[in-house]
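The next block holds one structure in the form of structure tokens; read it before the comments.
The values are calculated or read from the model by the stated rules, or taken from the named source; none is laboratory data. What you are looking at is a predicted structure, and each value in this text was computed from that prediction instead of being measured. Positions of Cβ are generated from backbone atoms using ideal geometry, with glycine treated the same way; all protein chains shown enter the neighbour counts.
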Amino acid sequence: MPGERTLRLQPGSRIYALCVLGTHIATDVYGAAPAGAVAFGVKHTEGVNVEVAFPGRAESGLLPGVSHWPLNEGTVLRFSMSRASVEVNDNKVIVIFYTEGGQPIDQARVFLTGIGISLDVDADRDGVVEKNNPNKASWTWGPEGHGAILLVTCDRDSPLSPAPDCDDERVFSKEDLLDMSRMVLRMEGPQHLPRGYEIVLYIHISDADKVGVFHMQNPFFGQHYVHVLGRRKLCHIVQYTGGAAELEFFVEGLQFPDESFPGLISIHVSLLETLAEGIPLSPIFTDTVVFRVAPWIMMPNTLAPENVFVCSVKDNYLYIKEIKNLVNKAGCDLKVCFGYINRGDRWMQDEIEFGYTQAPHKSFAVVLDSPQDTGLEQFPIKELLGPDFGYVRREPLFKAISSLDSFGNLEVSPPVTAAGKEYPLGRILIGSSFPTPAGRRMTRVVRDFLFAQQVQAPVELFSDWLAMGHVNEFVTFVPSPDAKQFRMLMASPAACYKLFRQKQKEGLGEATMFKGYSGTDTKRVTINKVLSNGIMMQQNQYVQVTAHISENQYRDNGPRAAQLSREKLHLGKNHSPSDETMSRRPFSGTLLACSSPWSLLLPSLQRCIDWNRDILKKELGLTEEDIIDLPALFKLDKGKAMPYFPNMVPMLILSKELGIPKPFGPLVGGECCLEHHVRSLLEPLGLRCRFLEDISSYHGRLGEVHCGTNVHRRPFTFRWWHVMP
């Protein structure tokens, strides 16, 4: 029975007690009976409900017309109140004890004061704080789930505050309150509590740094909101006002879910009682509500764009003009970050990842800041943090940062279904090393944060084979008009060799690459030269094992070149590169061969793109029909792959408008055959391809169009609490 507590009767004496509406007070009648008593009777006022529970009998109650009951061991009297008292001690229960002959020998009196206490939240997620929802003290996922939701108030609603709202203990404006969840303490009873009683609102010490609670003080003298719970404040004595009252509290989250914090927070209200002065208070009633802190949610490239961000640096003026034209066609806005903020850092994608957080009453954008600071670290704080635009960062204790901590290595798929399980918000993709102890990985605090959000179950891919090690270098997603609603694009050396062989068979083997390619000092490169280069073929067979390399080409070129390279450098077969951390840097042009023998040890090398392809098909529930292979070639340097020509996969996706790195492929009839091929793959999906020249500003520094831009998108309409993690 809910909220039941025990009270000991004292024959010959009066007992005074508070009875909280909806709870029961139980007393052992047999144990309290005086000597000689064999039966008992009960009298009570109209406001009290009384039941008798007999040992060994399921039924209980007071039978009409019955005035005496046998006094058997285990007999329990249970009473409750259905309405609040108007005055203290205005209800009573009298238990009368009888002898064998039916004569009363003693009685015990209990004077009751009925009081209503209910701590309430929006447990059914409809925007209304209903009274005494039966599910308010628990939290479940799914469309039929229940439980209140809390936002981390990581935006900054007032210019007076130098930091996100969750970093202080003040309310500067009503806009602060709009981000918070309402919690109502409903009380009902006499004008004053009896002496020795107190009502306390409190949280557990483990939640103190995760939640803040505010309450309006002195409403008749201007609205002033006082911080009553959180951080250094674990409890708050509630001022009892008498009569029917509703005290409104505003609750904010201070931390997103993380490895050591599953996201659940409990807040309690207790009615405390003391037996006498100097004796500590003890709880006789507790009501609890549970909140879940809303997660940080990423947005895939397939969602509609709102704003595109790009850095202005000394060598990308023309590039920004092209981006602006693309943005205008997509119907969104371009935001340029100038030098005084970017401090020469052009890699907008690497610094931040846009996301959002959502509750039934409110949602707003939240930017996640990368721990890798290379110049843009002030941009999200100075340019983005503001009203309804939050900021969050995860900082490792030790600055063991690699390029895999850049957020080009952080992507999210569109909604998918895999192995019968739905992921309506998609799945996060992060690049890591091959599953061995060595290699680069995203720093643990960021990985733990991403996994702890639960609603976009992350998938780890193998990206350490790349010089930069970013997943966006070999996989992305574009919208499609069919039931699937997207296609996955993957970089594919196999597709490139297939296209080049086709052109060679058509008699176009002398078609020249890199026409108009700025800043190169390479000799004339043709399709025939690319196809005849055995070392490059070996390197790309490492990159993608399904590159259909001719056995004759491998036999005639590959082993001989490998042997010569080993002899020249006096390195054995088992040589491997040092595990150095790569950073974006210039490179010396489009070399056809690579100096590192690591790239030539084909038998010991693992499958890279195909390895990831298999993982993605399984974890995202994809078939080959859902994947489009974009031609790509790579070359290896110290065992790490870099694009041979501009990689078209790291593109800018703005609904149907695509900004694709211009590949400078072989010219056939005055048109780049790579561009023509990509158009033939994507334009049937209703997509419009625009090829952007990014050689001097991005590609030459091991990045592409996507790496130099970032997009804030319209969030999902799907409500995350309907997910079944």
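Go over the candidates G65, G36 one by one and state the one that is out of contact with any Asp or Glu (no Cβ under 6 Å at 6 or more places or on another chain), over 29 Å from S270 (Cα atoms) and at pLDDT 90 or above.
On the way: G65 fails: at pLDDT 90 or above.
Result: G36 is the single residue among G65, G36 that is out of contact with any Asp or Glu (no Cβ under 6 Å at 6 or more places or on another chain), over 29 Å from S270 (Cα atoms) and at pLDDT 90 or above.
Picking from N301, N328, which residue would you name as being of a type outside the set (D, E, K, R) and surrounded by fewer than 19 Cβ atoms within 10 Å (Cβ to Cβ)? Full working, then the answer.
Values: N301 fails: surrounded by fewer than 19 Cβ atoms within 10 Å (Cβ to Cβ).
The conditions single out N328.
Anything in the range 257-270 that is over 19 Å from K233 (Cα atoms) and in contact with a helix residue (DSSP H, G or I) (Cβ under 7 Å, 6 or more places away or on another chain)? List them, or say none. Step through it out loud before you land on a result.
Within the range 257-270, the subset over 19 Å from K233 (Cα atoms) is 257-263.
Across the range 257-270, the qualifying residues are P257, D258, E259.
Of I401, I430, which residue is closer than 30 Å to R607 by Cα, assigned to a strand (DSSP E or B) and either within 15 Å of the chain's Cα centre (by Cα) or of a type in the set (A, V, I, L, M) (or both)?
Numbers: I401 fails: assigned to a strand (DSSP E or B).
Going through I401, I430 in turn, just one is closer than 30 Å to R607 by Cα, assigned to a strand (DSSP E or B) and either within 15 Å of the chain's Cα centre (by Cα) or of a type in the set (A, V, I, L, M) (or both): I430.
Name the residue, out of Q191, Q217, that is surrounded by fewer than 20 Cβ atoms within 10 Å (Cβ to Cβ) and more than 23 Å from T274 (Cα to Cα). Give the derivation first.
On the way: Q191 fails: more than 23 Å from T274 (Cα to Cα).
Criteria check complete, one pass: Q217.
Of all residues in the range 1-40, which are under 18 Å from F111 (Cα atoms), among the aliphatic types (A, V, I, L, M) and in a loop (DSSP other than H, G, I, E, B)? Write out each step before concluding.
Start the filter on the range 1-40 by keeping residues that are under 18 Å from F111 (Cα atoms), which leaves 4-29, 32.
If we keep only those that are among the aliphatic types (A, V, I, L, M) as well, we get 7, 9, 15, 17-18, 20-21, 25-26, 29, 32.
Across the range 1-40, the qualifying residues are L7, L9, L21.
Considering only the range 120-129, I want to know if a residue exists there that is under 22 Å from K43 (Cβ atoms), among the acidic types (D, E) and in contact (Cβ under 8 Å) with a residue 60 or more places away in the chain.
At the first step, the residues of the range 120-129 found to be under 22 Å from K43 (Cβ atoms) are none.
Looking through the range 120-129, none of the residues is under 22 Å from K43 (Cβ atoms), among the acidic types (D, E) and in contact (Cβ under 8 Å) with a residue 60 or more places away in the chain.
Assuming D610 fulfils every condition listed in (1) under 25 Å from A304 (Cβ atoms); (2) surrounded by fewer than 24 Cβ atoms within 10 Å (Cβ to Cβ); (3) not hydrophobic (A, V, I, L, M, F, W, C) apart from one, which condition is it?
Just one mismatch for D610, condition (1).
For the range 630-647, give me the residue count where each residue is assigned to a loop (DSSP other than H, G, I, E, B) and either surrounded by fewer than 22 Cβ atoms within 10 Å (Cβ to Cβ) or touching a residue at least 60 places away in the same chain (Cβ under 8 Å) (or both). It would help to see each step written out before you state the result.
Our first condition is that a residue be assigned to a loop (DSSP other than H, G, I, E, B); within the range 630-647, this holds for 632-633, 638-639, 644-647.
After this cut, where a residue has to be either surrounded by fewer than 22 Cβ atoms within 10 Å (Cβ to Cβ) or touching a residue at least 60 places away in the same chain (Cβ under 8 Å) (or both) as well, the list is 632-633, 638-639, 644-645, 647.
Final tally of qualifying residues: 7.
With L247, L264 as the choices, which residue is surrounded by 13 or more Cβ atoms within 10 Å (Cβ to Cβ), within 30 Å of T113 (Cα to Cα) and in contact (Cβ under 8 Å) with a residue 12 or more places away in the chain?
Step by step, each of L247, L264 is checked, and only L247 is surrounded by 13 or more Cβ atoms within 10 Å (Cβ to Cβ), within 30 Å of T113 (Cα to Cα) and in contact (Cβ under 8 Å) with a residue 12 or more places away in the chain.
Yes/no matrix, rows are residues, columns are (1) aliphatic (A, V, I, L, M); (2) over 25 Å from the mean Cα position of the chain (by Cα):
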residue	(1), (2)
I653	yes, no
K656	no, yes
F664	no, yes
G669	no, yes
R690	no, yes
S696	no, yes
R719	no, no
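Of all the helices (runs of 4 or more DSSP H) wholly in the range 254-354, which have at least 2 residues that are under 20 Å from the mean Cα position of the chain (by Cα)? Don't jump to the end; show me each part of the working.
Numbers: elements: 317-330, 339-342, 348-351.
The helices (runs of 4 or more DSSP H) meeting that bar are 348-351.
If you take the residues of the range 413-446 that are crowded, with 17+ Cβ neighbours inside 10 Å and of a type in the set (K, R), which of them is farthest from A467 (Cα to Cα)?
Here the residue is R427.
List, please: which pairs have Cβ atoms under 6 Å, are six or more places apart or on different chains, and start with a residue in the range 1-30 that is in the same structural domain as V88 (by TED's automatic domain parsing) and modelled with pLDDT of 90 or more and end with one that is assigned to a helix (DSSP H, G or I) and among the small types (G, A, S)?
L9/A32
Residues to consider are I115, I149, I105, I96; find the one that is closer than 21 Å to V366 by Cα and part of a strand (DSSP E or B). Outline the logic, then answer.
Values: I115 fails: closer than 21 Å to V366 by Cα; I105 fails: closer than 21 Å to V366 by Cα; I96 fails: closer than 21 Å to V366 by Cα.
None of the others qualify; the one that does is I149.
Would you mind stating whether L229 is more than 30 Å from R714 (Cβ to Cβ), surrounded by fewer than 16 Cβ atoms within 10 Å (Cβ to Cβ) and not aromatic (F, W, Y)?
no
Go over the candidates E683, E619, E704, E625 one by one and state the one that is at negative phi, in a helix (DSSP H, G or I) and buried (at least 17 other Cβ atoms within 10 Å of the Cβ).
Numbers: E683 fails: buried (at least 17 other Cβ atoms within 10 Å of the Cβ); E704 fails: in a helix (DSSP H, G or I); E625 fails: buried (at least 17 other Cβ atoms within 10 Å of the Cβ).
Answer to the check: E619.
Is it the case that F451 is within 24 Å of the chain's Cα centre (by Cα), modelled with pLDDT of 95 or more and closer than 30 Å to F664 by Cα? Walk me through it before giving the result.
Details: within 24 Å of the chain's Cα centre (by Cα): yes; modelled with pLDDT of 95 or more: yes; closer than 30 Å to F664 by Cα: no.
So F451 does not fit the description; no.
Among the residues of the range 410-453, how many are under 25 Å from Y356 (Cβ atoms) and either among the hydrophobic types (A, V, I, L, M, F, W, C) or in contact with a helix residue (DSSP H, G or I) (Cβ under 7 Å, 6 or more places away or on another chain) (or both)? If you could, list the steps in order and put the result at the bottom.
Let us first name the residues in the range 410-453 that are under 25 Å from Y356 (Cβ atoms), namely 410-418, 421-431, 442-453.
Now restrict to residues that are either among the hydrophobic types (A, V, I, L, M, F, W, C) or in contact with a helix residue (DSSP H, G or I) (Cβ under 7 Å, 6 or more places away or on another chain) (or both): 410-413, 416, 418, 425, 427-431, 442-443, 445-446, 449-452.
Total meeting the criteria: 20.
Which residues, counting only those in the range 166-190, are of a type in the set (A, V, I, L, M, F, W, C) and out of contact with any strand residue (DSSP E or B) (no Cβ under 7 Å at 6 or more places or on another chain)?
F172
Listed here are the residues, each with its yes/no results for (1) touching a residue at least 60 places away in the same chain (Cβ under 8 Å); (2) touching an Asp or Glu at 6+ places or on another chain (Cβ under 8 Å); (3) closer than 29 Å to V530 by Cβ.
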{"position": "L616", "(1), (2), (3)": "yes, no, yes"}
{"position": "P661", "(1), (2), (3)": "no, yes, yes"}
{"position": "C673", "(1), (2), (3)": "yes, no, yes"}
{"position": "G686", "(1), (2), (3)": "yes, no, no"}
{"position": "D694", "(1), (2), (3)": "yes, yes, yes"}
